[in-house]
Amino acid sequence: MSTLYKHHQIHLFNSLSRKKELLTPISEGYVGMYVCGPTVYSKVHLGNCRTFMSFDMIYRYLLHLGYKVRYVRNITDAGHLEHDEDEGEDKIAKKARLERIEPMEVVQKYTVDFHQTLEKFNVLSPSIEPTATGHIIEQIEIIEKILKKGYAYIQNGSVYFDVLKFNKEHDYGKLSGRKLEDMIPNTRGLQGHLEKKNPQDFALWKKAEPQHIMRWTSPWGDGFPGWHIECTAMSTKYLGPNFDIHGGGMDLKFPHHECEIAQAEAHSGSSPVNYWLHANMLTLNGKKMSKSTDNNVYPHEIFSGENSIFSRAFSPSVVRFFMMQAHYTSILDLSQDALEAAEKGYQRLMESIHAVSALKGNGNTSNFDLGAWVDRCYAAMNDDFNTPVLIAQLFEAVKQVNLLKEGQTNLTDTDVQLLSQTLKTFTFEVLGLRDESKIDTSHFEKLSSVIELLIEQRNKARERRDFSTSDQIRDQLLDLGIQLKDSKDGTTFSIS
Ligand code: AMP
Ligand code: ZN
């Protein structure tokens, strides 16, 4: 069991303090991390995927260091209204209405799409993936506590958080750095506006109008939870009232995360999260990739090449490499040139990894200080998960592999092995890239071996004159599209 974390100090940029801070988990060796997941009313675009890849890289590095990580990433399947407002139609209910299907069919469809898309990018599953609709009771309980503490009020079957009251004893705006007077949203439904004591207040629970189909019973009548309360309920349920890391895209800082802090502080009295991490946006044509403005591209369109932006297809690992070449807190712009450059970089890295596996050392002493290089790789990741610096270091190793191939440097056998191992660990385990040249061939090789095994069993059956078994093997393989061909030289097969 790895306890590498004992030898590494991670400094991460905490959006709350606006400083890099040393990561000191609440319990040594354990990290609790919550990341806001998708609202499953449509396919995820590449921008959404960037955020999930960023936190996947962070999760992977923590695991690599030997931390036991409980990674909670939710699915928002209720309560998220159009334009992220407190008025309007539920995003999922609206889609269900337009497609004439059940809201839960919408949820199922796009949850599956989300999982399949992230799998293409080799994003690991979280430890828990809770849904908002599965935690209505927990949300109601927290709202009741907030009401009891006097930080919320009931108005016509809805419950609103009293921001001004909260701000008297707490600091509403400390995460986003906004002042209360700047927080009046510009587009507001009239009804919610009138119901609220102050425009800055936000909904904890909304009364369901008769036409609203996603509804639950509550102490305040039939309704549905506000958008922010689900994350407070699910993060604290699985990670406790105070946990280590909370992440999400930069665009969630306000109002979503600001409201999460207020809700948690109002009901438990203490700050819920020690380190707030925000992943920056993917842009296209210099503008945020977004569903609502139609400025977006879907992963499957990039993999197939069927889109109006790029002249050809790019593979998932090339796209992931492109993402990892930028620091997760930097804005990143997607373009054909950038993807082509990433493809070249990815291919060079893979070629080097293949080459070094076959190379042997050529000296008793090394010209390259391998130990210092490994330290630099870790130092890059320990410095707020600096993947661009890590990748630059990986290319230092690529240079060494090329020099070794040409006989222009000396490396010991042990150093070649260490170089190969470290290169693979950071590339595959930490950055989460796949060796795409292997995916098909290794599957094919495995399948071939299994078929050979069955051919052998069939030959044995024939030797025993057990023709029913031998015919069964042949016929069942044929049903799977695998045809056996007998000749005097033995049996071969073809796959249709
Ligand atoms: P949503 O389903 O809209 O709640 O978004 C899911 C996640 O994707 C959130 O963490 C957003 O912050 C993130 N996100 C949305 N647009 C982008 C973008 N253009 N670049 C990076 N992350 C994004
Ligand atoms: Zn959230």
If you restrict to DSSP beta bridges whose two residues both lie in the chain, what percentage is antiparallel, to the nearest 5? 55 percent
Report, ordered by chain and residue number, the lysines lying within cross-link reach of Lys405, taken as a straight Cα distance under 16 Å and ignoring same-chain residues fewer than 8 apart. Lys360
Report P(r) for the range 283-438: all Cα-Cα distances, bin width 10 Å, range 0 to the bin holding the largest distance, values in whole percent. 10, 36, 30, 16, 7, 1, 0
Could you sort Trp216, Trp373 by their accessible area in this structure, using a 1.4 Å probe and putting the largest first? Trp216, Trp373
Under a Cβ-only charge scheme (Lys and Arg +1, Asp and Glu -1), can you give me the dipole magnitude of the chain about the Cα centre, in debye to the nearest 20? 300 debye
Heavy-atom accessible area of Glu456 with all protein chains present, probe 1.4 Å, nearest 10 Å²? 90 Å²
Under the 0.36 nm per residue contour assumption, what length would be gained going from the current alpha-carbon distance of Arg465 and Glu396 to full extension? 18.6 nm
Go through the range 207-222 residue by residue and turn each phi into a ³J(HN,Hα) via Karplus (6.51, -1.76, 1.60, θ = phi - 60°); whole Hz please, and just put x for glycine and proline. 5, 8, 5, x, 7, 7, 8, 8, 9, 9, 7, 8, x, 9, x, 5
Amide H within-cut-off set for Val273, under 5 Å, with H built and near neighbours excluded: Phe243
Would you please give the FRET efficiency between Ala372 and Ile495, computed as 1/(1 + (r/R0)^6) with r the Cβ-Cβ distance and R0 = 51 Å, to the nearest 0.05? 0.55
Please go through the residue pairs Lys95/Lys291; Lys94/Lys237; Lys145/Lys237; Lys206/Lys237 and name each one whose alpha carbons sit more than 18 Å apart in this structure. Lys94/Lys237; Lys206/Lys237
Considering amide H positions built from the backbone, and no H for Pro or chain starts, which residues 5 or more places from Gly247, or on another chain, come under 5 Å of its amide H? Tyr34, Val35, Cys36, Leu277
Set Lys253/Lys287; Lys179/Lys287; Lys149/Lys179, cut-off 21 Å on Cα-Cα distance; pairs above it are Lys179/Lys287; Lys149/Lys179
If R0 = 51 Å, then Met1 and Arg312, at their Cβ-Cβ distance, give a FRET efficiency to the nearest 0.05 of 0.70
Solvent-accessible surface (1.4 angstrom probe) belonging to Leu22, in square angstrom, nearest 10: 70 Å²
Considering the dipole of the range 4-279 built from charges on the beta carbon (Lys and Arg +1, Asp and Glu -1) around the Cα centre, which of Val44, Gly66, Leu180 is farthest to its positive end? Gly66
Cα-Cα pairs above 15 Å in the range 341-386: how many percent? 68 percent
As a check on your grasp of the helix formula, calculate [θ] at 222 nm for the chain: sum -39500 (n - 2.57) over DSSP H runs of n ≥ 4, divide by the residue count, round to the nearest 500. -14000 deg cm²/dmol
Trypsin sites (Lys or Arg not before Pro), restricted to the range 355-443: which are DSSP loop and have at most 10 other Cβ atoms within 10 Å? Lys360
Would you mind checking the tilt of helix 336-358 against the longest principal axis of the Cα atoms of the chain, expressed as 0 to 90 degrees and rounded to 10? 50 degrees
Please report, in Å, the Rg and the Dmax of the range 1-126, where both are computed over Cα atoms only. 17.8, 56
Is there a quick way to get the dipole size of the range 89-230? I mean about its Cα centre, with the Cβ of Lys and Arg at +1 and of Asp and Glu at -1; what is the value in debye to the nearest 20? 380 debye
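The values are calculated or read from the model by the stated rules, or taken from the named source; none is laboratory data. This is a predicted model, so every value here is computed, not measured. Glycine gets a Cβ as well: all are built from the backbone with ideal geometry, and neighbour counts include every protein chain shown. Please note that ligands, DNA and RNA were not included when accessible areas were found on the heavy atoms of the full protein model with its side chains. Shrake-Rupley method; radii C 1.70, N 1.55, O 1.52, S 1.80 Å.
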